[in-house]
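These notes concern the structure reproduced below.
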């Protein structure tokens, strides 16, 4: 109940605009009840991030190909990114929390978001290792390619849930997969 209210308030107001009182009001409880559950706003946001990250990480991991050596990188990106962006579009508040937590939040919160992102970029790197067996100098190039793919993925998710776009998840995924197909294979 408290975390659901916090999701609504953080999503609508961002970190700076969220208070323990506003969460209490949204939850229909008194402020001391919120403080009984969480020592401060940072602890509340960290708990909310942990919950939302669990959902998001599950969607990202399930979007990665089961066997990256089967199919092409373009197919992997198209299928995986379409699935991931569809999940993001159906859970926009979760993504707003993750994106918003990077900006203006306490350092411990921002560090949590950076660590989760680093974990996901490493997963992409390992997937690319199997998906692109002929890449030259994989130790040097695959981290760059994984970072580029993660950044494109984040940009598409941000377009869907923060900025608003008239493009569908499938349309955005198609653009990214075309970029990957036109360039990643030549590295």
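Here, each number is a calculation from the coordinates, and none is a lab measurement. Note that the structure is a prediction, hence the values are computed from the model and not measured. A quick note on method: Cβ atoms are made from the backbone with ideal geometry, for glycine too, and the neighbour counts reach across all protein chains shown.
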### Task
Starting with the highest mean, order 147-153, 162-168 by the number of other Cβ atoms within 10 Å, averaged over the residues of each peptide.
147-153, 162-168
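Taking the Cβ of each residue in 55, 76 as the centre, tally the other Cβ atoms inside 10 Å and list the residues starting with the fewest.
55, 76
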### Query
To the nearest 0.05, what FRET efficiency results for residue 33 and residue 155 with a Förster distance of 30 Å applied to their C-beta separation?
0.15
### Query
What FRET efficiency comes out for the pair residue 171/residue 93, r = Cβ-Cβ distance, R0 = 22 Å, nearest 0.05?
0.45
### Task
Mind jotting down the three principal axis lengths of the range 93-179 based on Cα atoms? Whole angstrom, largest first.
40, 35, 14
### Task
Please give the residues of the range 55-91, grouped as numeric ranges, whose backbone N is less than 17 Å from a label point set 7 Å along the Cα-to-Cβ vector of residue 130.
60-81
### Query
222 nm [θ] for the chain, helices only, -39500 (n - 2.57) per DSSP H run of 4+, per residue, to 500?
-24500 deg cm²/dmol
### Query
Of the labelled options (1) 18.4, 60; (2) 16.3, 46; (3) 19.4, 65, which one gives Rg and Dmax of the Cα atoms in Å as computed for this structure?
(1)
### Query
Alpha carbon centre of the range 109-138 versus the range 32-71: separation in Å?
18
### Value of relative contact order over the chain, rounded to a whole percent, pairs C-alpha under 8 Å and six or more apart
26
